[in-house]
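Undergrad: I have a structure here, written as structure tokens, and I will follow up with some questions on it.
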Amino acid sequence: SPQTGAVQDILYHFNLGTKTHNLPAMFGDIKFVCVGGSANRMRAFAQFMHQELGQPGHVDDIRDICEETDRYSMFKVGPVLSVSHGMGAPSISIMLHELIKLLYHSRCRDVILFRIGTSGGIGLAPGTVVITDKAVDSFFRPQFEQVVLGKVIVRSTELDEGLSKELLQCSTELPDIPTVIANTMCTHDFYEGQGRLDGALCSFSTEEKLEYLRKAHEAGVRNIEMESTVFAAMCRMCNLKAAVICVTLLNRFEGDQISTHHDVLVEYQQRPQGLVAHFIKKRLGLM
Ligand code: R2B
Ligand code: URA
């Protein structure tokens, strides 16, 4: 980008900058970046990685590097960075611009990015982990459309096939985590945009909803979430290896409301974390 070589670069939403912080010293050793929607979940992931990597010190001392701003949270545990991105494409897109510049300014090399998240399943048992093959839009196209200067730019959302397969292999080495590789649909809304009947607005019938979900299923889609296409497109454009790993919280053929008990949902959300932790430990030669 023409501006990244400027005298000063302020990563506004992280409250970090090239003049105010020694970014290579703070982040230069990062090899794995894990992003997910919720700040608390990304703190929990950092604490989990701290244990898994046998890091020195106490988990309660892992501080939020972005605590001065409440837009995003960021935690560092050895070579692992854990960052929250909020909900939806605009929120994750802003975070990724600044994250990718952070990695560039810090002179990081060979970094792998993971999005770990939640999703609605299509014809899968709740709790199934989906490793994304193709991230597709609401029309089942493997692309992300961005409006730039009043024109639509189309970017490919292809992810790293080798990385997905390696993650699937990792899942077979862990007990009791049903895992599949399948397409993931990314929408710009949780309710009508995902064919839900229970939003404040609903402009279609139950039969029309089910027909859309059946079409998605035919296109190889097994889960629906809200960030995968822009995540895949931006990582690809910037030559960063990336994977998307989301657990399904419900089967959308069965309903729309997430009525599962809180404790069960918490356990489900730990599944992508366990898978990525296993992958990282293998890559670091810790197992
Ligand atoms: C999954 O969960 C969130 C909506 O509940 C959204 O960020 C997503 O992709
Ligand atoms: N996240 C989504 O985007 N959709 C769901 O159904 C569940 C979680």
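Undergrad: Quick one: is Asp160 touching a helix residue (DSSP H, G or I) at 6+ places or on another chain (Cβ under 7 Å), surrounded by 15 or more Cβ atoms within 10 Å (Cβ to Cβ) and modelled with pLDDT of 95 or more?
TA: Spelling it out, it is not the case that Asp160 is touching a helix residue (DSSP H, G or I) at 6+ places or on another chain (Cβ under 7 Å), surrounded by 15 or more Cβ atoms within 10 Å (Cβ to Cβ) and modelled with pLDDT of 95 or more.
Undergrad: Being within 16 Å of ligand 2 (Cβ to nearest atom), within 18 Å of Met226 (Cα to Cα), among the β-branched types (Val, Ile, Thr) and crowded, with 24+ Cβ neighbours inside 10 Å: is that true of Val130 here?
TA: Yes.
Undergrad: If you don't mind, another one. Which number in (1) in contact with a Pro (Cβ under 8 Å, 6 or more places away or on another chain); (2) within 14 Å of ligand 1 (Cβ to nearest atom); (3) more than 30 Å from His105 (Cα to Cα) marks the one condition that Asn251 misses?
TA: Of the numbered conditions (1) in contact with a Pro (Cβ under 8 Å, 6 or more places away or on another chain); (2) within 14 Å of ligand 1 (Cβ to nearest atom); (3) more than 30 Å from His105 (Cα to Cα), the odd one out for Asn251 is (2).
Undergrad: Moving on. Filter the stretch 55-90 for residues that are out of contact with any strand residue (DSSP E or B) (no Cβ under 9 Å at 6 or more places or on another chain), assigned to a loop (DSSP other than H, G, I, E, B) and among the hydrophobic types (A, V, I, L, M, F, W, C) and give the result.
TA: Met87 - this is the single residue of the stretch 55-90 that is out of contact with any strand residue (DSSP E or B) (no Cβ under 9 Å at 6 or more places or on another chain), assigned to a loop (DSSP other than H, G, I, E, B) and among the hydrophobic types (A, V, I, L, M, F, W, C).
Undergrad: Give the stretch 172-182 a look and list any residue that's touching a Ser or Thr at 6+ places or on another chain (Cβ under 7 Å) and within 24 Å of Thr229 (Cβ to Cβ), or say none.
TA: Thr179, Val180, Ile181
Per-residue answers, yes or no, for (1) out of contact with any helix residue (DSSP H, G or I) (no Cβ under 6 Å at 6 or more places or on another chain); (2) under 22 Å from Arg283 (Cβ atoms); (3) modelled with pLDDT of 95 or more:
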| position | (1), (2), (3) |
| --- | --- |
| Ala25 | yes, no, yes |
| Arg43 | yes, no, yes |
| Asp64 | yes, no, yes |
| Glu68 | yes, no, no |
| His85 | no, no, yes |
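Undergrad: While we're looking at this one, here's another question. Name the residues in the stretch 139-159 that are basic (Lys, Arg) and within 18 Å of Phe231 (Cβ to Cβ), would you?
TA: Arg141, Arg155 - these are the residues of the stretch 139-159 that are basic (Lys, Arg) and within 18 Å of Phe231 (Cβ to Cβ).
Undergrad: Pick from Asp198, Asp137: which is away from ligand 2 (no atom under 13 Å from the Cβ), acidic (Asp, Glu) and modelled with pLDDT of 95 or more?
TA: Only one candidate qualifies: Asp137.
Undergrad: So which residues in the stretch 213-231 are in contact (Cβ under 8 Å) with a residue 24 or more places away in the chain and either more than 16 Å from ligand 2 (Cβ to nearest atom) or part of a strand (DSSP E or B) (or both)?
TA: Across the stretch 213-231, the qualifying residues are Lys215, Ala219, Gly220, Val221, Arg222, Asn223, Ile224, Glu225.
Undergrad: Still on this structure, please answer the following. Can you tell me which of (1) surrounded by 13 or more Cβ atoms within 10 Å (Cβ to Cβ); (2) under 15 Å from the mean Cα position of the chain (by Cα) is the one His105 doesn't meet?
TA: Going through the list (1) surrounded by 13 or more Cβ atoms within 10 Å (Cβ to Cβ); (2) under 15 Å from the mean Cα position of the chain (by Cα), His105 breaks only (2).
Undergrad: Is it the case that the stretch 144-156 has a residue that's over 20 Å from Met87 (Cβ atoms), in contact with a His (Cβ under 8 Å, 6 or more places away or on another chain), away from ligand 2 (no atom under 16 Å from the Cβ) and of a type in the set (D, E, K, R)?
TA: no
The rows are residues; the columns are (1) surrounded by fewer than 24 Cβ atoms within 10 Å (Cβ to Cβ); (2) within 20 Å of Phe190 (Cβ to Cβ); (3) of a type in the set (Gly, Ala, Ser); (4) within 13 Å of the chain's Cα centre (by Cα).
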position: Ser84; (1), (2), (3), (4): no, yes, yes, yes
position: Arg109; (1), (2), (3), (4): yes, no, no, no
position: Gly123; (1), (2), (3), (4): yes, yes, yes, no
position: Lys165; (1), (2), (3), (4): yes, no, no, no
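The values are calculated or read from the model by the stated rules, or taken from the named source; none is laboratory data. If you're wondering where the values come from, they're calculated on a predicted model, not measured in any experiment. Cβ: placed from backbone, ideal geometry, glycine included. Neighbour counts: every protein chain shown.
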